[in-house]
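Report on the structure given below.
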């Protein structure tokens, strides 16, 4: 099959087009702000100031970004294999159960640096297991993974409500959540790191050590995808499943392994809110982060170097959006959901909308850059 | 006698909760049969419900509400079409985007326009589709079984309920007995063949997503204008996804779609009715299990344990003309 679009120079492909798509998404979001009767520019200023204007703001921004790095990586790894893991939300939610089991068992006896590795393994394991059934069904039975992972999101929500209300809730308590974690289940904060740079951060700021774990995972994903045999197989399968089959790559193995990795990454997201901030497992702690991961992965073009800034951008929207809600009562945090949708639309579904125009511009300046040797040669 | 009353009660609420599922499910049927996957049913329903409730509140007319709901839903469907047909984007990604845009903008606009925390004002009776009493329903009320079924189950629903159930044979007729339906199904199976026959693939698919928009608009209107008296934020609460599950469960066929929606509606009605009271034989069933059952059933079906659900062959694949 012929590819519908001609080539562009790499910097335009990976820099210019995503940037234009992003700008359009934000311009449309600005129109919504206008429709609500507020000034979009003032909104943008308040947003950025709320997110980066103070040490406290930065700590919150990076705290939210931590969630989105995990879920963005999860979606990205699956994308490389040509799979759409829309179930990050459910995988993260279920991972909370794994963390709860580990922490509730050991937080009174062991220090955090022993509990934390165990909790990482538990969260990754539960997240991966929740991705295993959809992966198996896709690989062996051809059930569409998008539908099964959506279904598993809802099933996860039901399971967690049941577990929190009937099993994990301490006796005599009304709130559907686990008991408060003791010292062993609380991760150290990273506020001091920002304080080193002369920023003022209150000890309550939720930025914690799982941010570093997220960065480490971003690096490991880069190594996995671009520097290992498995990563090469994943990309091959994603690029052309026929070619992969021809090369002797086991379809079943590659789908299942990729989804296990994806689920594990999504699962680790649960560490950040549970052990880093809330110190218990509440209802609905994932709060849509699994879905933000889709926007982050699309915006970051499924590359860790793109995902980390994209996650920080969404962290900024979350934190700045909270500040914005104070200043402009008409704009609540739900504005972010719109922006998220617009980013997914323009950077994802409509990513090729501006491509022909840009190609035309490039071709008129330098035909060679788009692979056209001379005028009239290509019919 | 009490048993019959209870049963009719449960069946009656089954119909009520099935209607939005059914309309959304048929909506998805048109789109997916034409080869355009649509996981944005949820978002289109939500946007339709909001637009319908807002317009009905401002103009105090259910019909204007319905019209605006359909227009907005069709508009969202056209965005999906623009992305996935014209620009050959990923249909799943586009559907996800539609869901988020609808979820966010209904709350933001609702709050900005009506200042009631994302709700629209409560609708007056003329802004809603009221119950229609079929002729003779009162007279037959006391006739055992048949009269009860007629007056308690068939009569007393809103116009949109009857429209939804009539849409089932209508959809069947359109898909399997008209030229448009034949072409629509063909474009979902083998668009290249349709193209060879000199019929525009894009225009056919656009017409299919417009049908989807109309039906999701009706689904949203039903929720906001008939079932409730106004819009509440996130009022579709995942029904678009259950409709999608029902569509797969029904293997993309209209009449089985109705039964799938009734089944999922029945589970919903039953779980509301039971609320933790024990069932005979099985004992106490957690509410959460009942709520998760449609999803679990769909996964089991997808796994191929209850027959095999084979989607339209060209579903999800943008059509690129040979060049």
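Values quoted throughout were computed directly from the atomic coordinates according to the rules given, and no laboratory measurement underlies them. Keep in mind that this is a model prediction, so the values were computed, not measured. All Cβ positions, glycine included, derive from the backbone under ideal geometry; neighbour counts span all protein chains shown.
For chain A, with a Gaussian network of springs between Cα atoms less than 10 Å apart, report the residue from A:262, A:302, A:204 with the top mean-square fluctuation.
Maximum fluctuation in the GNM of chain A, among the listed residues, is at A:204.
Where does helix A:88-106 land angle-wise versus the long Cα axis of chain A, in degrees 0 to 90, nearest 10?
Helix A:88-106 sits at roughly 30 degrees to that axis.
For the protein assembly as shown, compute Rh as the Kirkwood radius over C-alpha pairs and then the Stokes-Einstein diffusion coefficient at 10 °C and 1.306 mPa s; write the answer in µm²/s, rounded to an integer.
The estimated diffusion coefficient comes to 59 µm²/s.
Calculated from DSSP H runs of 4 or more alone, at -39500 (n - 2.57) each and per residue, what is the 222 nm mean residue ellipticity of chain A, nearest 500?
The helix contribution divided over chain A gives -20500 deg cm²/dmol.
Hey, got the average number of other protein chain Cβ atoms within 10 angstrom for residues in A:88-97?
0
Determine the shape class of the stretch A:1-143: with a ≥ b ≥ c the square roots of the Cα gyration tensor eigenvalues, call it rounded for a/c under 1.5, and otherwise prolate if a/b is greater than b/c, oblate otherwise.
Oblate.
At q = 0.09 Å⁻¹, what is the log10 ratio I(q)/I(0) for the stretch A:249-379, with the Debye formula run over Cα points and no solvent?
-0.45
Suppose R0 equals 25 Å; then what is the FRET efficiency for residue B:179 and residue A:352 from their Cβ-Cβ distance, rounded to the nearest 0.05?
According to the calculation, E is roughly 0.15.
Among B:168, B:70, B:36, which one shows the biggest mean-square fluctuation in a GNM of chain B, springs joining Cα atoms closer than 10 Å?
B:168
Run the quick spin-label model on residue A:183 and residue B:189: label points 7 Å from Cα toward the beta carbon, then report their separation in nm to one decimal.
According to this spin-label approximation, the distance is 7.1 nm.
Could you tell me the calculated FRET efficiency between residue A:305 and residue A:241, based on Cβ-Cβ distance and R0 = 41 angstrom, to the nearest 0.05? Provide the component values of the computation, followed by the final result.
Values: r = 26 Å, r/R0 = 0.64.
E between residue A:305 and residue A:241, to the nearest 0.05, is 0.95.
Calculated from DSSP H runs of 4 or more alone, at -39500 (n - 2.57) each and per residue, what is the 222 nm mean residue ellipticity of chain B, nearest 500?
Helix contribution divided over all residues of chain B: -21000 deg cm²/dmol.
Tell me, how many Å apart are the Cα centres for the stretch A:144-217 and for the stretch A:228-298?
19 Å
I need to check one value: relative contact order of chain B, counting alpha carbon pairs closer than 8 Å and at least 6 residues apart, in percent.
Averaging sequence separation for qualifying contacts and normalising by length gives 34 percent for chain B.
Using only Cα atoms, find the angle between the long axis of helix B:41-59 and the longest principal axis of chain B, and express it within 0 to 90 degrees, rounded to the nearest 10.
Helix B:41-59 sits at roughly 60 degrees to that axis.
Please determine, in degrees from 0 to 90 and to the nearest 10, the orientation of helix A:55-80 with respect to the longest principal axis defined by the Cα atoms of chain A, where the helix direction is its Cα long axis.
60 degrees
With springs connecting C-alpha atoms under 10 Å apart, model chain A as a Gaussian network and identify which of A:58, A:254, A:294 has the largest mean-square fluctuation.
Its mean-square fluctuation being the largest, the pick is A:254.
Kindly provide the pair-distance distribution of chain B built from C-alpha pairs, with 10 Å bins from 0 and whole-percent values in order of increasing distance.
In whole percents, the pair-distance histogram is 6, 25, 32, 24, 10, 2, 0, 0.
Where the centroid of each part is defined by its Cα atoms, how far is the stretch A:61-107 from the stretch B:1-74 in Å?
33 Å
Over what distance in Å are the Cα centres of the stretch B:251-265 and the stretch B:133-205 separated?
Comparing the Cα centres of the stretch B:251-265 and the stretch B:133-205, I get a distance of 12 Å.
Taking the Cα of residue B:251, stepping 7 Å toward and past its beta carbon, and measuring to each backbone N in the stretch B:163-180: which are under 17 Å?
Answer for the stretch B:163-180: B:172, B:176.
With the Cα gyration tensor of the stretch B:1-130 in hand, convert its eigenvalues to equivalent ellipsoid semi-axes via √(5λ) and list them largest first in whole Å. Write out the running numbers ahead of the final one.
Details: eigenvalues 163, 103, 32 Å².
The three semi-axes for the stretch B:1-130 are 29, 23, 13 Å.
Give me the Debye-computed log₁₀ of I(q)/I(0) at q = 0.13, 0.14, 0.18 Å⁻¹ for the stretch A:71-314, equal point scatterers on Cα only, no solvent, two decimals.
For the stretch A:71-314, the Cα-only Debye profile gives -0.79, -0.90, -1.33.
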